[in-house]
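Below is one structure, written out as structure tokens; the observations come after it.
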Amino acid sequence: PPEGDAGGTPRGLDSCARSPDPVPAITEMDEGEMTPECYAKSLEKRSSLAFEDFRKLNLIDKDTKLQVFPSKHKHYRSRVGFGIYDSKNKNAYRQLLQNPPEDSKDYLCHVIWRDGVLLRADRFPIASEWICKAMPLVTSYVLGCETLRRELRGAKYLGSSNGQLVLTLIYKARKLEGSWQTNAANLCKAAGLVGIVGRSKGVRVVVGAHFVVEDGVKLEDGRTFKYRHVESSFSNPNLTMCVHTLNWLCSCSEDIRKRIAKRPLNLLELYCGSGNHTVALAGKFFDEILGVEIDKKLVDFAQHNLKVNDAHGARIIKADSQRFCRQVLRKRQWQITGVSDEKNETLDFRSSDPDLKDNSPPKQVMDFSAVLVDPPRAGLDKFTCENVGTYPALLYVSCNPEALKRDMKELGKTHRAIRFAFLDHFPYTKHVECAVYMVKKAPL
């Protein structure tokens, strides 16, 4: 996801002082403006501008079904990060903070970076209510505990809708000795946390759990899923929008199943992450799904999420999507070799590449009729974009409309957009997440 708000972070300032992803650094002074009415006006304006931008470029037309999916108007983020201002320590925040407490006070507070200004965040109403409740408990406890306070520079919160919270405390440079662990355990009890992770240069100490379980993912078709979200790894921070996105993908996938007669109907998913989309689409809409992800940790999490949700017919492989595309995307098929890691059940990538040659006989050949991509902000590389255009059906989720416009210009040579969605993952900001469902112009 994109980094913090416009204005950047001064060189040398801790990255944890940035607003978490592209969110507004809203303080208690702004909370009165976060009403359902204000949000509805903001959403209407931003979604209309987004649709108009794509219309001007002839990327969507009057026949394209346009959909807008709203977020909650506040308390919608379950993952946030802050810098920590400490009146006792003369760090960079002290010189840059615009609204510091009086020097005579012994004070500890969360800080955020907004439009070139560093602000206190004693309240943060875009964060979940569980996080908002924990924030003052954390600063109050750490203020009176020198072991946890010394050299503390940042705090990150990861939560779930059922109230589980993991706190990450980030230090400038220090050892996290046994007494730190004892005090961290006491803080867990005081603030109602399931775990605390301490991080410093070359140091990571876990007290309790380092993950939360999100079990509030309930889809329109009645299915319910649970996902493990792990500290320091990407997860969708807006549960409402996660559910909207999955419902939209399921609806599009149902349409793909009606349009394409070929069976088995298989999906290739690039940039699958921890399997958020894979879990919802496996079995019901596609006979087989092959997910591709480069991050080994996310591959492991995806395997776990598939297992706990009893998702059949899905495989995850660890591979660079661009390298994988050169070998597989063009052919629209993949040979399953059966090579696996017994510890985590992840499949290795095998192809005709001499460096990856595997002599074991293939068990199955998967032919793909549809592809789902959810790339980083840069969008698709040229080779991937060109070869994705050979698939009968394409689902594209994008966190960067500029990259999506560029890629849709190329894909528009062979495909037409029949559905276009505005997914408001980032309320009140200029940042936009869109999704498009495209099919071949020729009969499928």
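The values are calculated or read from the model by the stated rules, or taken from the named source; none is laboratory data. Just so you know, these numbers come straight off a predicted model, no measurement behind them. So basically every Cβ, Gly included, is an ideal-geometry build from the backbone, and we count neighbours across all protein chains shown. Side chains included, ligands, DNA and RNA excluded: accessible areas come from the protein's heavy atoms. Shrake-Rupley method; radii C 1.70, N 1.55, O 1.52, S 1.80 Å.
Brief remarks follow.
- Under 5 Å between amide hydrogens, built in the peptide plane, is the criterion, and for VAL68 it picks out PHE422 among residues at least 5 positions away or on other chains.
- Positive contributions from Lys and Arg (+1) and negative ones from Asp and Glu (-1), summed over other residues with Cβ under 13 Å from the Cβ of VAL207, come out at +1.
- Summed over the residues of the stretch 187-325 and divided among them, the accessible surface reaches 39 Å² per residue at a probe radius of 1.4 Å.
- Counting only residues at least eight positions apart within a chain, or on another chain, the lysines with an alpha carbon under 25 Å from that of LYS409 are LYS45, LYS56, LYS62, LYS65, LYS331, LYS382, LYS430, LYS440, LYS441.
- Each DSSP beta bridge with both residues in the stretch 88-246 is either parallel or antiparallel, and the antiparallel ones are about 80%.
- For the stretch 129-200, the alpha carbon convex hull comes to 71 Å³ per residue, rounded to a whole number.
- Full extension of the chain between LYS296 and ASP310 gives 2.9 nm of extra length, using 0.36 nm per residue less the Cα-Cα distance.
- Candidate lysines for bridging to LYS133, where Cα separation is under 27 Å - those fewer than 8 sequence places away on the same chain excluded: LYS72, LYS74, LYS88, LYS105, LYS156, LYS172, LYS189, LYS218, LYS226
- Net charge contributed by nearby residues that have their C-beta within less than 12 Å of VAL279 (K/R +1, D/E -1): +2
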